[in-house]
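The values are calculated or read from the model by the stated rules, or taken from the named source; none is laboratory data. What you see is a predicted model; the values in this text were computed from it and never measured. Heads up, the Cβs are rebuilt from the backbone with ideal geometry, glycines too, and the neighbour counts pull from every protein chain shown. Calculation scope for accessible area: heavy atoms of the full protein, side chains included, ligands and nucleic acids excluded. Shrake-Rupley method; radii C 1.70, N 1.55, O 1.52, S 1.80 Å.
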Amino acid sequence: MKRIVAILLIVLCFTLSACSALSLEEEDILAVPKASGDESEVISLIASNFSSSFELVYPLSGANKNAVTICDTGKDVIEAIAVFRTKDEPGTAELLFARKINDSFTYLGSSAIPTNVIDRVDFADLDGDGKREILVGYQGASSSLKSIAIYRTEDEISVTDVTACYSRCVLGDFNSDGADEVLCVTTGAASEPPFATLMGYHPDRGLLPIADCELNPEAQEIENLLFGNIAEDIPGVMIDERLESGAYTTEALYYDKGQKLLINPLFIFETAENAERSEKLLSKDINNDGILEIPTVEKAPIPENAVENAFCNIVVWKDLDFSSYSMQEKKTALICPDGKYTFTLTEDKKDCITAQYSEEERKMTLYSLDFDREDTQLSHELLYIKAYSRDDYQENKVIEAKLYELSAEVYTFLITNSDDEYAFTDTEVEKSFEILQGS
């Protein structure tokens, strides 16, 4: 019988979860799979255990957006989960579970999810026993909130459901007990403020609340939810939000084991307003020190009597410093007003350089500043960065050097002054330029 299958095989290695996965492009949804490795073997188990033709289903969020995931679940046990829907039940997602025994995958069982919209699939050790459970987030039909199903694959498949519990969620060991917790964030309910609930897993009782707290009442949408160290040896989460006003902000949460509370240190530090910004910039570990930084936006230094909106803003990435109850600067960069990239400024240059942007030319020009005059003025043009569409770049005689290439755009630069005390070298330009996430 001809089987309708959706597949494009791409083997990915996930460092954090020790998982590999099968990836699918939307346009290949009816392509027939070729026999290739473990993923194909797992897909063959779908065909041999379900009589109907099928197509694969792909998670929309989380680190794993693949229909077939193979993972070392701990204690040298290799397991796989495949998400698919059959022709007979297109509105229901089926989950197939398999375990590798004697170098081949054996069918363990299956479970149905009452929707074909799968938000996420995660492998995580939720009870601290050294073996990862499987968490599946899915969109229910009767609620705007998503639900969670947690599967254990022992002698038989067992499942625990928590319905309508999150808009966005993230997993991580918040209390350093060796087990991952689930932080569920809810937004969008007109009558209720956004809310965060930290939940822990018990094998017999499912997900249970540990602590909760209200979030910024003006938050309309979660743009980013990132687990990591929010300060040295303090695990937590950065929540980047879009506000009613259209601005963006960040909230930081960590679990205080002594007080048994979820705490937002930005409110303790009384610096919450410093995290509000006009640009869509997301928290991340900007300097690879293992600590998540918060982006804040400030005005770049400009000449006296200049029109402010003619000049670029700067982003200052900051750490939370619990010893001084403040935020400490870690990195400064100019922001291109189109939101596509930043340009890092070193400590010796950050207060002495500014930039203008031409929307028509898609060109950001950097200048040194002259502070010797009575009124601060532009001193010298140092360089410019210019964006071209790929067609324009290929068709025109471009005098600039290529800096960065995307599928539809090419970024170039030209150093126009190498004698100024704040001049850049080619290498410095290349290291300073960074494409923003989502560009």
Subject >> Coil-residue trypsin sites (Lys or Arg not before Pro) of region 396-438, DSSP, other Cβ within 10 Å capped at 13 >> reply: Lys397
Subject >> Dipole-positive endmost among Asn216, Asn313, Leu414 within the chain (Cβ charges, Cα centre) >> reply: Asn216
Original post:
Within region 348-431, which GluC sites (Glu not before Pro) sit in a loop by DSSP and count at most 15 neighbouring Cβ atoms inside 10 Å?
Top reply: Glu359, Glu360, Glu361, Glu374, Glu421
**OP:** Determine the dipole magnitude for region 283-439: charges of +1 sit on the beta-carbon of Lys and Arg, -1 on that of Asp and Glu, nothing else is charged, the reference point is the Cα centre, and the result goes in debye to the nearest 20.
**Re:** 500
**OP:** Quick one: divide the alpha-carbon radius of gyration of the chain by 2.2 N^0.38 Å and tell me what you get.
**Re:** 1.14
Original post:
Can you give the charge dipole size of region 149-249 about its Cα centre, rounded to the nearest 20 debye, using +1 on the beta carbon of Lys and Arg and -1 on the beta carbon of Asp and Glu?
Top reply: 200
Original post:
Using a Förster distance of 41 Å, how high is the FRET efficiency between Ser323 and Glu221, based on the Cβ-Cβ distance and rounded to 0.05?
Top reply: 0.75
Original post:
Which value in deg cm²/dmol, rounded to the nearest 500, describes the helix-derived mean residue ellipticity at 222 nm for the chain, given -39,500 (n - 2.57) per DSSP H run of n ≥ 4 and division by the residue count?
Top reply: -2000 deg cm²/dmol
Subject >> Inter-label distance, nm, simple model (7 Å from Cα along the C-beta direction), Ala47/Arg390 >> reply: 3.4
Original post:
Say each of Glu298 and Asp129 gets a label point 7 Å from the Cα, pointing the same way as Cα to Cβ; how far apart are those two points in nm?
Top reply: 5.2
Original post:
How much net charge surrounds Val42 when only the other residues with a Cβ under 12 Å from the Cβ of Val42 are counted, with Lys and Arg +1 and Asp and Glu -1?
Top reply: -2
**OP:** Quick one: grab Rg to one decimal and Dmax as a whole number for region 131-289, Cα atoms only, in Å.
**Re:** 16.2, 53
Subject >> Total charge dipole magnitude, the chain, about the Cα centre, Cβ charges on Lys, Arg, Asp, Glu only, Debye to nearest 20 >> reply: 1620
Original post:
What pairs in Lys363/Lys397; Lys280/Lys350; Lys260/Lys318; Lys330/Lys363; Lys284/Lys402; Lys299/Lys350 have C-alpha atoms more than 19 Å from each other?
Top reply: Lys280/Lys350; Lys260/Lys318; Lys330/Lys363; Lys284/Lys402
Original post:
So how much accessible area does Tyr384 have, in Å² to the nearest 10, using a 1.4 Å probe?
Top reply: 20
Original post:
Average projected area of the Cα convex hull of region 123-162, in nm²?
Top reply: 3.2
Original post:
When the Kirkwood radius is taken over all Cα pairs of region 195-259, what Stokes-Einstein diffusion coefficient follows at 37 °C and 0.692 mPa s, in µm²/s?
Top reply: 247
Subject >> Estimated FRET transfer efficiency when R0 is 45 angstrom, pair Lys431-Asp76 (beta carbons, to 0.05) >> reply: 0.60
Subject >> Convex hull volume per residue for region 68-121, taking Cα atoms only, in Å³ >> reply: 85
**OP:** Calculate the translational D of region 229-378 in whole µm² s⁻¹ from Stokes-Einstein, where the hydrodynamic radius comes from the Kirkwood formula applied to all Cα pairs, the temperature is 10 °C and the viscosity 1.306 mPa s.
**Re:** 95
Original post:
Which residue, Ile415, Ile81, Ile335, tops the fluctuation ranking in a GNM of the chain built on C-alpha contacts under 10 Å?
Top reply: Ile415
**OP:** Please give, to one decimal in nm, the separation of the simple spin-label points placed at Phe267 and Asp338, each 7 Å out from Cα toward the Cβ.
**Re:** 4.0
Original post:
How large is the convex hull of the Cα atoms of region 300-381 per residue, expressed in Å³ as a whole number?
Top reply: 120
**OP:** With viscosity set to 0.890 mPa s and temperature to 25 °C, compute the Stokes-Einstein D of region 350-439, Rh being the Kirkwood radius across alpha carbon pairs; µm²/s, no decimals.
**Re:** 172
Original post:
Anyone know which of Leu183, Leu345, Leu225 comes out most mobile in the 10 Å Cα GNM of the chain?
Top reply: Leu345
